[in-house]
Each structure stands twice: as C-alpha cells, then as structure tokens.
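The values are calculated or read from the model by the stated rules, or taken from the named source; none is laboratory data. Treat the numbers as computed from the prediction; the structure is a model and nothing was measured. Please note: Cβ atoms are built from the backbone with ideal geometry, for glycine as well, and neighbour counts cover all protein chains shown. Please note that ligands, DNA and RNA were not included when accessible areas were found on the heavy atoms of the full protein model with its side chains. Shrake-Rupley method; radii C 1.70, N 1.55, O 1.52, S 1.80 Å.
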Amino acid sequence: MMTKINVPKLGTGVQMVTLPFFPSPYPNELFYSVLARYKVRCGYISDRHLLYEVFNRYTTLASPEMPNCISLAVDNIRPTIASTAKEIIRDHTLFPLYTAFSPSIFKRVVA
C-alpha cells in the first residue's frame, strides 16, 4: 500500500532555507546588484531559479529601480547579512532618490 506524501505548494508558507553564499552588500551598492553577484556565484542560468531561492516565489519582480518583497529576501538571507529590510531599502535601493522631494508621510508609509 502506498502512502501519500503531502508536498507543500509553492507560495504556501514553505519554510525558507538560509543562503550560505549570499554576498554582503558593498556600501552604496544596489540590492539588485547584490542579487546579480549571487546569481554569478551560484552559476544560475535562469533568473527564475534565483528568484525562488532568494524570495521563495517565482512571481517576484527583481527591479533595479524599486525592488519588491525585500522582507522575504531578508528573512531568507538574514544569517548571512545582518541588515533589516528597512536598512536595505534605505541604503541599497533608489528609494532615497525617489523620495527626496516627497512628503515625509509618504516616506514613513513606504519604509
């Protein structure tokens, strides 16, 4: 008699595995560039595999302008780098440039 094994579907709260080779960001380096360095280190050909490993989902859009789901990535790579999602948004995205002339309430809501 065969027993049925329950395999969790993608994007249903699967426990993430930490990424031991994820590089620490250089000062003023975009998070997008850190992802590119990680892709090269791991030898990934497909962006799709990289996105699933870092964000635990295939539907994330990695964008140099304004990346999303940074908190998912930070939860997955936290032992490797000691930054919070807010620190990465502030120091390694273009968020400060885009919000330099925005009302402060907008900055507080987003970050």
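Report yes if some residue within the stretch 69-81 is of a type in the set (S, T, N, Q), surrounded by 13 or more Cβ atoms within 10 Å (Cβ to Cβ) and assigned to a helix (DSSP H, G or I); otherwise report no.
Checked the stretch 69-81: at least one residue is of a type in the set (S, T, N, Q), surrounded by 13 or more Cβ atoms within 10 Å (Cβ to Cβ) and assigned to a helix (DSSP H, G or I).
Could we say that ILE81 is of a type outside the set (Phe, Trp, Tyr) and modelled with pLDDT under 80 here?
So ILE81 passes the test.
Where the second residue is part of a loop (DSSP other than H, G, I, E, B) and of a type in the set (Gly, Ala, Ser) and the first is in contact (Cβ under 8 Å) with a residue 24 or more places away in the chain and open to solvent by 50 Å² or more (accessible area, probe 1.4 Å) and lies in the stretch 45-68, which pairs have Cβ atoms under 6 Å and are six or more apart or on separate chains?
ARG57/GLY11
What's the total number of residues in the stretch 82-101 that are assigned to a helix (DSSP H, G or I) and either open to solvent by less than 30 Å² (accessible area, probe 1.4 Å) or in contact with an Asp or Glu (Cβ under 6 Å, 6 or more places away or on another chain) (or both)?
Here the count works out to 4.
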